[in-house]
Each structure stands twice: as structure tokens, then as C-alpha cells.
Amino acid sequence: MRLTWLRLVGLISSFAVGLVVIGAGALLVGATSVDWREGLAALLGRQDRRTSVSYMILVEQRLPRIFLASLTGAALGMAGTTLQAILRNPLADPYTLGIASGSAVGAVVAISFKLQFHLGPFNSVALLSLAGASLMLGLIYWLGRGPEHLSTDGLLLAGVTMAFIAGSAIMFIRYLSEPHRLVAMDRWLMGGLAVVGFGDVLAILPLLLPGAVILFALTPGMNQIAMGEDMAFGRGVPIAAFQKWGFAGASLVTAAVVAVAGPIGFVGLIVPHAIRRLIGPDHRLLLPCAALASGGFLILCDTVARTILAPTELPVGVVTALCGGPFFLWLLLQRSRRKT
Amino acid sequence: MSEEARVYDLRALRFGYDRDLLLRGIDLQIRRGEFVALLGPNGAGKSTLLKLMLGQLRPTSGEVRLFDQPVSRMSANQRARLVAYLPQRVPVAFPFNVEQVVMMGRYPYWKGLGLETESDWRIVEDSMDQMGVTFLRERTWETLSGGEQQRVLLASIMAQEPEVILLDEPTTFLDPHHQVEVLRLLSALNRQGRTLVLSTHDLNGAARTCARLCLLHQGVLFADGPPEDILRQDLLSSVYGDGLRVAADPATGRPIILPALEGEPVCV
């Protein structure tokens with residue numbers, strides 16, 4: 001299908017509208033019933049904000065959470081799409097590559113050893129998970145180097161191996177930890193979007209935005225890489241540099257959101273896959289649409305997470321994992337059916 | 001040879017590690033409009049030589065010059081507008097359709113966001129027409145037969161509008177009919193003035209389509225010349241062993257290569 005400005009802008013705006021509709025819907029759904037008119041009136045200054053419970057819930061609790069969910073989803077969707085393109089494997093994402101495991105080790109260390117410090121908007125857990133993710137990426141990148149450029153199999157193998165090593169490190173730290181810290185640890189490891197105010201949302205932007213710019217600039221080359229590194233090189237894609245930038249961009253956006261929201265699996269796998277089926281594999285279109293759709297998907301999952309067991313909340317990572325497992329089973333069944 | 005007509009100039013090209021040199025001193029000049037076949041047994045370094053010419057591999061020593069510029073110092077885009085490359089295997093990871101695959105040939109000409117223009121589409125339509133794949137335009141890659149896939153890739157190479165085309169065993173995985181078809185399409189590209197260099201194990205096909213055969217053996221250019229000078233019993237025996245017999249094509253009188261089973265006489 002031809003990629004014209006009309007098609008590009010049309011599709012992206014449809015996905016954007018979908019995202020806004022989901023976000024607006026999610027705003028009105030929750031454990032506490034609220035009066036949105038009252039909240040709006042308070043927002044517009046027609047009513048005292050400090051006395052409006054609806055305003056507090058809508059604008060100070062749900063809205064930042066919905067923003068965080070959409071940004072986190074978008075980041076995971078972009079990182080997943082990019083890594084799938086670079087590794088030419090539809091099963092690649094920040095989690096299968098062990099990036100999340102690295103950040104988990106960082107966070108678990110911070111929680112277990114009671115490290116308390118701040119740097120700008122980040123607390124110690126966020127900072128150490130950021131460091132863990134970066135360290136892990138560096139290691140995987142180093143392990144996956146081939147003679148000419150990154151080797152796809154080498155990277156995947158390195159990612160899976162490092163995820164195992166990180167898993168055993170987490171078990172070891174857990175064993176050494178005081179029992180009451182295990183709860184906080186588990187809560188972080190399951191991923192969550194519970195935020196208070198817009199501080200956390202704004203905190204991820206300095207990493208997320210440059211990462212996203214890098215990834216969008218690479219989309220024409222991602223199509224070329226799908227034809228194999230040799231063909232892409234012949235077309236004028238500088239493979240080694242391209243892989244480096246793609247890896248760096250995917251790492252930036254992943255690290256940004258994992259630091260705040262913890263590891264949330266499967267989003268970067270399911271949504272790009274579904275959108276690729278819907279609109280085709282052209283990454284110039286796929287990357288923005290998958291980003292918007294992943295944002296919407298995570299808002300939906302988070303809405304389920306905060307309402308289904310109300311007044312208790314479920315970690316959103318549990319909801320995405322519950323969606324992800326059956327999704328893979330369905331993929332597998334489809335594949336085996338196609339072969340027979 | 002005038003500097004103007006020289007497309008490729010390989011000077012004392014060596015590639016490999018330490019004593020384990022795969023290519024040990026290749027000198028090769030290719031003129032504009034030539035159609036050259038690289039022959040040689042498995043592991044002779046045909047694919048490596050093509051990748052060195054493309055600039056994907058760096059020579060251990062020596063130099064590859066393309067239009068009188070070192071290929072290693074060209075920008076990726078500048079090079080891709082001059083040389084196109086068809087690797088031996090093209091593993092397509094996602095379900096792109098034929099149009100999209102052919103359009104990918106326009107990549108070195110894109111700027112900014114990389115959206116295709118009307119002139120890009122005219123070139124793509126023209127390339128699909130010439131390779132006879134227009135009727136496949138909406139089909140996805142994995143639904144095509146091997147012969148169709150190869151024609152689609154050739155169309156995408158045409159869309160790249162290169163001066164030179166390097167092809168690594170373009171006929172190896174095709175049945176005899178499609179092998180001939182691809183060779184005919186390549187000849188047509190050559191007649192349009194493009195310079196072609198292909199590697200192949202198909203001695204007969206190469207002899208019929210290429211005016212110049214280069215025989216690689218033990219890391220050197222063992223023989224280089226027109227087919228009738230290369231397809232000689234003594235030359236082939238020293239490179240490929242005693243399994244080949246050179247005969248004369250009853251229709252044209254040109255040399256053809258036949259397999260020789262054990263005990264059969266190999267002399268003409």
C-alpha cells in the first residue's frame with residue numbers, strides 16, 4: 001500500500017483519537033464515583049479546588065496516572081517495535097532481551113539495602129533501576145557484537161542468558177532481605193502506575209523524548225533491515241551505526257519508564273504484533289501507530305487493575321501478563337494451524 | 001583503459017586473518033558496461049570479494065576503488081546510488097508486499113522522514129513492469145515462489161538505479177527454467193548499459209550470458225578472460241578437480257561443461 005501524507009496523517013490521527021477516547025473513558029471509571037462536572041468546574045476555577053473531592057480524584061490522581069500509563073505504554077510499544085525490527089524477530093522486546101531484569105536487580109538492591117537518596121525527580125529505586133537497565137544493555141550489546149555488526153542470534157542469546165543471571169541475583173538478594181521488605185520488592189517487580197501528581201510523569205520526559213526522536217528517525221532503515229543486514233547495507237544503511245542508535249533509543253525509552261513504573265511485560269510484544277497485522281509492517285507507519293495503541297492498551301489494563309478488585313488495586317503488570325500468556329498461546333496455535 | 005570507463009579498480013586486495021588469507025592479492029579492473037562472472041569452487045572467496053567490492057568488508061590490505069574513489073571513504077548513500085547488491089539469501093522478516101519491497105530500492109534517494117514521491121512511484125512502476133512483477137504488486141513476500149521473489153528483488157535493485165549491480169549466486173536456489181529467466185533479465189539490464197558482476201556455480205549459464213569470466217582459486221585470480229579461454233579442460237581440472245568434462249555444444253559449437261563420472265574419459 002502506498003504511504004502518502006494522507007494515509008500517514010489519517011492513520012496516526014485515528015489512533016490518536018482512539019487514545020484520547022480511551023483516556024477520557026478511563027478518567028471516569030474508578031473505585032470512587034465522581035462528578036465530572038464538579039471536577040471540570042473546579043479545573044476552570046469556578047469552584048474551589050481544595051474543597052472538591054471530584055477534582056482531587058480526577059485531576060490529581062487519575063489524570064496523572066492515565067498520562068503515565070499512556071507514556072509508559074507508548075515507550076514499551078516503540079521499544080518493542082524497534083527491537084523486533086533490528087533483531088528481525090517478532091518476539092524481541094525489552095523484556096525478552098533482559099533489559100527489565102537489569103532494572104529489576106537495581107530496584108531490588110535499592111529496596112533491600114534501604115538506600116535512600118534523590119537526584120532531581122528520581123528516588124533511589126528509580127535511579128538504581130535506571131542504572132541496572134543501562135548496565136544490562138551495555139553488557140548485552142557487548143556480548144552480541146559480531147565481526148561486522150551485531151549478531152541477531154548472539155543478542156537474543158545474550159539477553160536470555162543475562163535475564164537468567166539477573167533472576168538468580170534477585171533470588172539471592174531476596175534471601176538476604178528482611179521479610180517486611182519483600183512486600184515492597186514484589187510490589188515493584190510486578191510493575192505499577194500508582195503516582196501522585198505530575199512529577200513522575202514529567203520526570204520520564206527528558207529520557208523518553210530524545211529516545212523517541214532517535215527511533216522515529218530510524219524507521220525507513222528499519223524496513224530495510226527486515227530484508228536482512230546484507231541487503232540493507234547494499235541499500236545504504238550503515239548497519240553497525242544503525243544498530244547502535246536503535247539499541248540506544250530503545251534503551252532510553254525503556255529505562256525512562258521502567259525506572260518509574262517498574263517492569264511491565266508483554267505490552268511491547270502484543271501491541272506491535274496486533275498493529276502490524278492491522279496496518280502492515282511499514283515501520284514509518286507502524287512505529288507511531290504502535291506507540292499510540294500501546295499507550296491506549298496500557299490505560300485499559302491499568303483501569304482494569306485499579307477497578308477489578310476495588311477497593312484493592314492489582315499491579316498492572318499482573319493484568320498485562322494475564323493478557324500476554326493467552327495471546328502467545330493463540331499465536332502458537334495459529335502457527336501450528338497454518339503449517340498443517 | 002581510460003580512467004573514465006573504469007568502474008571498479010581492485011588493487012592488490014588481500015583479505016583474511018594472519019596466515020589464513022582467503023584472498024591473497026587480487027588485481028581486477030572492470031569497465032563500464034561489462035558483465036563479469038566470478039567463478040570458483042566453494043570457499044574460493046567469491047562472496048567475500050563481492051562484499052569487499054560493496055564496502056561491507058574492509059580489505060586486510062589493498063584498495064577497492066569505485067569510479068576512482070576509495071569505496072571505504074564513500075558515504076553509505078553515495079555508494080548505494082552507484083552500486084546495488086543482491087545477497088545470496090534475502091530473509092524477509094515481516095509480511096511486506098511486492099510494491100513495498102520494490103519501493104525499498106529508493107531508500108538511498110530519500111531525505112528527512114523518508115516519504116516516497118511521485119517520481120519514486122514512476123520508477124517503481126517502471127521497474128516492476130520490466131521485471132514482469134506488476135501483477136504481483138499486492139501479494140505478500142511469503143506467498144511468492146522462489147522465481148517470483150528473485151524477480152521482485154531484481155525490480156527493487158532496478159528501482160535503486162545503480163550504475164553497477166553485484167549479485168551473489170542469483171540463480172542458485174532456482175529451478176532450471178527460472179535460472180534461465182533470471183539470466184535473461186540480467187542480460188537485459190546489462191544491455192541497458194549497467195555494469196554487472198555476479199558470482200555463480202553455473203558455469204554453462206555464466207558462459208552463455210557473461211562476456212568475461214573470472215576464475216578464483218586459492219585466493220588469487222586464477223584465470224580471467226572470455227568464456228572460450230576459461231572453459232578449458234586443463235584450467236577447470238586444476239580448479240574443480242577431475243569431475244568435469246568440456247564438450248562442444250552441438251547447436252553452437254561453444255564449449256559446454258558436463259559432469260564426468262568416475263572412469264569416464266575427460267578429454268574432448
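Return the residues of segment B:159-179 that are surrounded by 16 or more Cβ atoms within 10 Å (Cβ to Cβ), more than 13 Å from chain A (Cβ to nearest Cβ) and part of a helix (DSSP H, G or I); say none if nothing qualifies. Answer for segment B:159-179, where residues must be surrounded by 16 or more Cβ atoms within 10 Å (Cβ to Cβ), more than 13 Å from chain A (Cβ to nearest Cβ) and part of a helix (DSSP H, G or I): B:178, B:179.
Residue B:179 - would you say it is farther than 24 Å from residue B:45 by Cβ and modelled with pLDDT of 90 or more? No: the conditions fail for residue B:179. Of the residues B:101, B:124, the single one that is in contact (Cβ under 8 Å) with a residue 40 or more places away in the chain and not in a strand (DSSP E or B) is B:101. Show the residue pairs that are 6+ apart or on different chains and have beta-carbon atoms under 6 Å apart, the first residue being within segment B:14-37 and free of Cβ contacts under 8 Å to residues at least 12 places away in the same chain and on the phi > 0 side of the Ramachandran plot, the second being among the basic types (Lys, Arg) and buried (at least 17 other Cβ atoms within 10 Å of the Cβ). Within 6 Å, no pair qualifies.
Just one of the numbered conditions (1) away from chain A (no Cβ under 14 Å); (2) modelled with pLDDT under 95 is not true of residue B:36: (2).
I'd like to know if segment A:91-99 contains one or more residues that are under 15 Å from residue A:269 (Cβ atoms) and within 14 Å of chain B (Cβ to nearest Cβ). The answer is yes; a qualifying residue exists.
Looking only at residues of segment A:1-28 that are within 14 Å of chain B (Cβ to nearest Cβ), outside any loop (DSSP other than H, G, I, E, B) and touching a residue at least 40 places away in the same chain (Cβ under 8 Å), we find that the one that is farthest from residue A:289 (Cα to Cα) is A:7.
If you take the residues in segment B:71-88 that are free of Cβ contacts under 8 Å to residues at least 60 places away in the same chain and touching a Gly at 6+ places or on another chain (Cβ under 9 Å), which one is nearest to residue B:9 (Cα to Cα)? Ranking the candidates gives B:71 first. Among all residues of segment A:230-240, there is none that is under 20 Å from the mean Cα position of the chain (by Cα), facing chain B (nearest Cβ under 8 Å) and open to solvent by 10 Å² or more (accessible area, probe 1.4 Å). Any residue at all in segment A:227-247 that's modelled with pLDDT under 90 and either aromatic (Phe, Trp, Tyr) or not in a helix (DSSP H, G or I) (or both)? Yes, segment A:227-247 has at least one match. Does residue A:285 count as more than 9 Å from chain B (Cβ to nearest Cβ) and out of contact with any Phe, Trp or Tyr (no Cβ under 6 Å at 6 or more places or on another chain)? So residue A:285 fits the description; yes.
Checked against the criterion of being under 28 Å from residue B:101 (Cα atoms), away from every other protein chain (no Cβ under 14 Å) and open to solvent by 10 Å² or more (accessible area, probe 1.4 Å), segment A:249-265 has no qualifying residue.
Those helices (runs of 4 or more DSSP H) of segment A:109-226 in which at least 1 residues are open to solvent by 50 Å² or more (accessible area, probe 1.4 Å), under 30 Å from residue A:303 (Cβ atoms) and basic (Lys, Arg), considering only elements entirely within it, cover A:179-189. For segment B:54-79, the candidate set comprises residues that are farther than 19 Å from residue B:186 by Cα and aliphatic (A, V, I, L, M); within that set, the residue that is nearest to the other protein chains (Cβ to nearest Cβ) is B:76.
Given the criteria β-branched (Val, Ile, Thr), over 17 Å from residue B:49 (Cα atoms) and either more than 7 Å from every other protein chain (Cβ to nearest Cβ) or open to solvent by 40 Å² or more (accessible area, probe 1.4 Å) (or both), does residue B:101 qualify? It is true that residue B:101 is β-branched (Val, Ile, Thr), over 17 Å from residue B:49 (Cα atoms) and either more than 7 Å from every other protein chain (Cβ to nearest Cβ) or open to solvent by 40 Å² or more (accessible area, probe 1.4 Å) (or both).
Residues checked against (1) closer than 15 Å to residue A:37 by Cα; (2) out of contact with any Asp or Glu (no Cβ under 8 Å at 6 or more places or on another chain):
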residue: A:50; (1), (2): no, yes
residue: A:54; (1), (2): yes, no
residue: A:66; (1), (2): no, no
residue: A:73; (1), (2): no, yes
residue: A:84; (1), (2): no, no
residue: A:90; (1), (2): no, yes
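Put simply, of A:98, A:159 the only residue that is at positive phi and either in contact (Cβ under 8 Å) with a residue 24 or more places away in the chain or within 19 Å of the chain's Cα centre (by Cα) (or both) is A:98. Scanning segment A:43-80 for residues that are closer than 18 Å to residue A:252 by Cβ and either without any contact (Cβ under 8 Å) to a residue 12 or more places away in the chain or of a type in the set (A, V, I, L, M) (or both) yields A:68, A:71, A:74, A:75, A:76, A:78, A:79. Test residue A:31 against the stated conditions and say whether it is open to solvent by 40 Å² or more (accessible area, probe 1.4 Å), out of contact with any Leu (no Cβ under 6 Å at 6 or more places or on another chain) and outside any helix (DSSP H, G or I). When the stated conditions are applied, residue A:31 passes them.
Among the residues of segment A:266-280, is there at least one that is within 14 Å of chain B (Cβ to nearest Cβ) and open to solvent by less than 10 Å² (accessible area, probe 1.4 Å)? Scanning segment A:266-280, I find at least one residue that is within 14 Å of chain B (Cβ to nearest Cβ) and open to solvent by less than 10 Å² (accessible area, probe 1.4 Å), so the answer is yes.
Might you check whether a residue that is touching a strand residue (DSSP E or B) at 6+ places or on another chain (Cβ under 7 Å), in a loop (DSSP other than H, G, I, E, B) and within 30 Å of residue A:2 (Cβ to Cβ) occurs anywhere in segment B:191-202? Yes, that holds for at least one residue. Inside segment B:80-98, residues that are part of a helix (DSSP H, G or I) and crowded, with 23+ Cβ neighbours inside 10 Å make up a count of 2. The residues of segment B:171-193 that are on the phi < 0 side of the Ramachandran plot and small (Gly, Ala, Ser), listed by number, are B:187, B:188.
The values are calculated or read from the model by the stated rules, or taken from the named source; none is laboratory data. Remember, it's a predicted structure, so these values are computed and weren't measured experimentally. Don't worry about glycine lacking a Cβ; one is built from the backbone with ideal geometry, like all the others, and counts go over all protein chains shown. Ligands, DNA and RNA are stripped out before the accessible areas are found, and what is left, the full protein with its side chains, is counted by its heavy atoms. Shrake-Rupley method; radii C 1.70, N 1.55, O 1.52, S 1.80 Å.
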